[in-house]
Amino acid sequence: MSGRSLRRHVTSGLMTGLVAALSFTAVLALVLILGDLIAKGASSLNWDFFTKNPVPTGQTGGGVANAIVGTGVIVGLAALFGLPVGVGTGLYLAEYGSGRLGWVVRFVADVLNGTPSIVIGIFAWTWLVRPMKGYSALAGSAALAALMVPMIARTTEEMVRLVPHSLREAALALGYPRWRTSLRVVARTALAGIVTGCLVGVARIAGETAPLIFTALGNQNFTTNITQPMQTLPHQIYEYATGPFEEWHRLAWASALVLMGLVLLLGVTARWAIRQRHGAAR
Amino acid sequence: MTAAVELVPQEAASTPRLVHHPTRTATPVIDVRSYAFWYGGTQALFDLTFTIPRRAVTALIGPSGCGKSTFLRSVNRLNELIPGTRHTGDILLEGVSVFSRGMDAVALRREVGMVFQQPNPFPKSIFDNVAYGPRLNALAPERDMPERVERALRQAALWDEVKDRLEAPGTSLSGGQQQRLCIARALANEPEVLLMDEPCSALDPAATQRIEELLVELKQSYSIVIVTHNMQQASRVSDFTGFFYLGHLIEFGDTKQLFTRPTDERTEAYITGRFG
């Protein structure tokens with residue numbers, strides 16, 4: 001083995017080792033967090049935790065049913081507002097956004113994407129909570145939707161851009177009008193990617209706390225009335241974790257585990273959706 | 001030149017296609033008149049004037065970047081989707097300008113099918129790929145679709161290979177089969193003209209041969225314009241050949257004549273392999 005060849009082998013081995021170590025570090029963080037959550041939270045998970053509402057301060061027992069349902073309602077509503085707007089914007093940007101308007105929309109989306117969520121929360125408070133004279137789940141959903149739209153728009157755009165140009169031309173050459181080509185061929189081909197982007201976006205806002213403090217406020221009681229303040233898991237965790245009681249800390253850990261589980265579930269569903277799609281169409 | 005007439009056998013007149021245009025067989029299908037084309041400030045085509053005969057294979061040859069594909073995409077107006085393009089002159093299909101106000105691009109592209117360089121089936125089943133055009137154009141009720149799909153697949157010489165798996169994804173076929181699927185997809189619209197942009201350049205020799213044999217069959221009922229870099233292919237399959245060079249049509253004529261006795265020295269230089 002010549003000197004040069006030896007050096008190449010050594011360099012290759014070193015670099016492979018380095019990236020392996022870095023990947024391990026990245027995974028380690030996730031494993032530690034999950035492990036710690038399970039260690040501290042799993043023991044508090046029981047039927048009551050999911051089905052009961054919080055009990056008055058000082059008593060033991062109770063659960064966070066109000067927060068779980070609240071998260072479901074607020075995130076669900078946010079998705080209902082945010083997904084169509086986000087996906088539509090992304091489709092527009094990818095298919096028709098080559099002009100100046102497209103540039104402006106893309107720029108605004110990027111700025112919004114970088115805006116801290118607490119700032120969005122303050123705006124939601126100014127524009128929704130104050131005029132409506134009260135905190136509400138609806139205002140919380142609107143804030144989360146606003147957070148989600150630019151994210152979804154940009155991922156949708158990226159996914160639609162991945163659709164090969166030849167597929168567009170095939171449809172156009174068969175006599176498809178441009179808008180139908182966009183919807184029926186391009187969007188449908190990019191569907192797996194778009195759905196993944198949407199699920200990731202929903203997972204991302206499901207853990208948001210800051211904007212909800214200004215809007216949904218939190219509520220110790222169970223409610224499904226979206227014009228009233230509503231509890232959510234992140235907010236519950238924030239309250240319990242910063243509180244003085246051991247019982248609260250215990251519930252905070254368990255809530256964090258449930259929230260993490262929900263987010264993971266969305267992520268796994270996204271993966272599964274892609275695989276289904278690829279299995280069927282590729 | 002009466003080749004176009006000879007190529008249509010008498011019994012073909014009973015096929016549904018010919019019932020539509022019984023008297024047009026002798027006239028050229030495409031008539032190009034002083035057509036020029038620009039991409040922004042760059043002129044890509046210069047003063048093209050020629051006619052494309054009906055029910056024959058017309059090959060367009062020439063070095064890369066000489067405007068062959070640009071011309072092809074002018075006929076079905078795919079170029080107009082590119083911002084900043086413009087043209088002068090005219091292209092007539094069946095005597096009607098493809099650029100006239102009454103000519104809807106969607107209706108035009110139904111009459112002018114196109115097959116691309118890379119096979120580009122939709123990520124759908126074989127059946128749905130072929131039914132795509134007829135469904136859009138509402139050419140047939142859904143209950144007649146199986147018959148129409150079968151006819152198109154038979155014309156594209158693919159039926160026997162796929163008849164037992166019409167629900168399989170089109171993308172699961174081999175490259176050559178995919179290209180024949182794309183041909184079937186175009187034929188299902190029952191176009192008058194079939195434009196083919198280097199349809200064999202991504203295929204192996206065996207698949208190429210299948211397509212070439214297919215072209216000879218298809219010209220009984222369709223007018224075919226094929227862009228190719230392969231001069232042997234042009235001389236094998238085409239009845240007429242046009243030589244493009246730097247956006248000009250240098251020479252157009254009977255294939256045999258163009259390859260044996262070219263009148264322009266640039267044509268001769270190209271077909272003898274001295275450049276390109």
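The values are calculated or read from the model by the stated rules, or taken from the named source; none is laboratory data. Just so it is clear, the structure is predicted and the values come from calculations on it, not from any experiment. Quick reminder, even Gly has a Cβ in these numbers, built from the backbone with ideal geometry, and neighbours come from all protein chains shown. Surface areas here come from the heavy atoms of the whole protein model, side chains and all, with no ligands, DNA or RNA. Shrake-Rupley method; radii C 1.70, N 1.55, O 1.52, S 1.80 Å.
Okay, here's what the table says:
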quantity	calculated
On Cα atoms only, tilt of A:233-242 relative to the major axis of chain A in degrees	50 degrees
Within 10 Å of each Cβ in A:160-173, the average number of Cβ atoms from other chains	5
Segment A:86-244, relative contact order in percent, only Cα pairs under 8 angstrom and at least six apart counted	32 percent
Violating pairs (Cα-Cα greater than 22 angstrom) within the set A:K52/A:K133; B:K68/B:K124; B:K68/B:K219; B:K124/B:K163	A:K52/A:K133; B:K68/B:K124
Distant-in-sequence amide H partners of B:Q220 (H built 1.01 Å from N, under 5 Å)	none
Acute angle (nearest 10 degrees) that the helix B:145-155 long axis makes with the longest principal axis of chain B, alpha-carbon atoms	40 degrees
Averaged over A:200-209, number of beta-carbon atoms from partner chains that fall within 10 Å	0
For the protein assembly as shown, share of DSSP beta bridges that run antiparallel, in % to the nearest 5	55 percent
Karplus 3J(HN,Hα) series, Hz, for segment A:88-103 with 6.51 cos²θ - 1.76 cosθ + 1.60 (x for Gly, Pro)	x, 4, x, 5, 4, 4, 6, 8, 10, x, 8, x, 5, 4, x, 4
Simple label model, 7 Å out from Cα along Cβ direction - B:R86 to B:N230, nm	4.0 nm
Cα-based Kirkwood hydrodynamic radius, chain B, one decimal, Å	19.2 Å
Residues with amide H under 5 Å from that of B:Y39, placed H, sequence gap 5 or more	B:A44
Trypsin sites (Lys or Arg not before Pro) restricted to segment B:24-133 and DSSP loop, no more than 16 other C-beta within 10 Å	B:R24, B:R101
Cα-based convex hull, segment B:162-276, per residue volume (Å³, whole number)	125 Å³
For segment A:152-157, Karplus couplings with θ = phi - 60° (6.51, -1.76, 1.60), whole Hz, Gly/Pro x	4, 4, 5, 5, 4, 4
Rounded if a/c under 1.5, otherwise prolate or oblate - chain A, Cα gyration tensor axes	oblate
Mean projected area in nm² (Cα convex hull; one quarter of hull surface) for segment A:133-172	4.2 nm²
Label-point separation in nm, B:D47 to A:A39, each point 7 Å along Cα→Cβ	8.5 nm
Karplus 3J(HN,Hα) series, Hz, for segment B:69-81 with 6.51 cos²θ - 1.76 cosθ + 1.60 (x for Gly, Pro)	5, 4, 5, 4, 6, 6, 5, 9, 6, 6, 5, 5, 7
Contour minus Cα-Cα distance for A:V111 and A:L265 (0.36 nm per residue)	52.5 nm
Förster radius 41 Å - calculated FRET efficiency between B:A36 and B:A140, Cβ distance, rounded to 0.05	0.55
For segment A:109-164 and segment B:80-143, distance of Cα centres in Å	41 Å
For B:R110, net neighbour charge (Lys/Arg +1, Asp/Glu -1) across residues whose Cβ lies under 11 Å away	-3
Partner chain coverage, peptide B:77-90 - average Cβ within 10 angstrom	1
Buried solvent-accessible surface, both chains (A, B), 1.4 Å probe, Å² to nearest 100	1800 Å²
Acute angle (nearest 10 degrees) that the helix B:126-136 long axis makes with the longest principal axis of chain B, alpha-carbon atoms	70 degrees
Förster radius 60 Å - calculated FRET efficiency between B:M103 and A:T209, Cβ distance, rounded to 0.05	0.50
Residues of segment A:137-168 with amide N under 17 Å of a point placed 7 Å along Cα→Cβ from A:V119	A:143-151
